[in-house]
Amino acid sequence: MAFTPIPVAGSRLRGSVYLANISERTMLEAFNTAAQNVGPSNTTLQNVTDVSLQVVAFATYRFTLDLQYTSNGTADIKIGFTVPAGATMDYLTMGYNAAAVVTYGVGVQSTVTDFGGNATSAFLSGIMGISSTAGTLQLQAAQNTSTAVTTNVEPGTTLTLIRSA
């Protein structure tokens, strides 16, 4: 879906065109407001309740994820996304491994990315293309290794989308 065209200079700007342009170019943000336990002893990805956003068909988005979490060096944390059918996603990650060393990686929509439990934050940045199916971009998380400790996605985890086409 292309952006609504802006009238040429000297033309009247109708309210509907103005509102369409504002809504098409507004940054979308989902913010986790409470700790969500994605463990213990759970390695199956589950939805992070507050961290999902609606996307429109035939659009391209730039996105970032600031992940705040608590775990330990055995359980660690892994994340993934659910996306609308036909969507594509490419992203770069920066986080910590189990030894608390900064690591970098890349992922796509089907990638499950894991981070070390001794640190408390990670960052993803990328681009997502939506095909003909609108829907929801949903963050998911779980323990990377099943242990009896609590693994939380913490308040302050933020998913941001900016439509770029």
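The values are calculated or read from the model by the stated rules, or taken from the named source; none is laboratory data. Being a predicted model, the structure only gives us computed values, none of them experimental. A quick note on method: Cβ atoms are made from the backbone with ideal geometry, for glycine too, and the neighbour counts reach across all protein chains shown.
Quick one: which residue in G86, G107, G73, G116 is of a type in the set (G, A, S) and at pLDDT 90 or above? Outline the logic, then answer.
Working: G107 fails: at pLDDT 90 or above; G73 fails: at pLDDT 90 or above; G116 fails: at pLDDT 90 or above.
The unique qualifying residue is G86.
Would you please list the contacts, defined by Cβ atoms under 8 Å and residues six or more apart or on different chains, that run from a residue in region 51-68 that is part of a strand (DSSP E or B) to a residue that is basic (K, R)?
The qualifying pairs are A59/R163; T60/R163; Y61/R163.
Considering only residues of region 69-94 that are outside any strand (DSSP E or B) and in contact (Cβ under 8 Å) with a residue 60 or more places away in the chain, which is nearest to F31 (Cα to Cα)? Let's see the steps before the verdict.
As a first pass, look at region 69-94 and keep what is outside any strand (DSSP E or B): 71-76, 83-87.
With in contact (Cβ under 8 Å) with a residue 60 or more places away in the chain added as a condition, the list becomes 71-72, 74-76.
Values: S71: 20, N72: 23, T74: 27, A75: 24, D76: 22 Å.
Ranking the candidates gives S71 first.
For region 124-165, which positions are surrounded by 18 or more Cβ atoms within 10 Å (Cβ to Cβ), part of a loop (DSSP other than H, G, I, E, B) and not β-branched (V, I, T)?
Listed by number, the residues that qualify are Q143, N144.
What are the residues in region 106-123 that are assigned to a strand (DSSP E or B), of a type outside the set (S, T, N, Q) and either in contact with a helix residue (DSSP H, G or I) (Cβ under 8 Å, 6 or more places away or on another chain) or crowded, with 16+ Cβ neighbours inside 10 Å (or both), if any? Break it down into steps so the answer makes sense when it comes.
Let us first name the residues in region 106-123 that are assigned to a strand (DSSP E or B), namely 106-108, 113-115, 121-123.
Then drop every residue that is not of a type outside the set (S, T, N, Q), which leaves 106-108, 114-115, 122-123.
Matches in region 106-123: G107, D114, F115, A122.
Among the candidates S146, S132, single out the residue that is modelled with pLDDT of 90 or more, over 18 Å from the mean Cα position of the chain (by Cα), within 17 Å of Q54 (Cβ to Cβ) and not acidic (D, E). So that I can check it myself, show each step before the final result.
Values: S146 fails: within 17 Å of Q54 (Cβ to Cβ).
Selected residue: S132, the only one of S146, S132 that is modelled with pLDDT of 90 or more, over 18 Å from the mean Cα position of the chain (by Cα), within 17 Å of Q54 (Cβ to Cβ) and not acidic (D, E).
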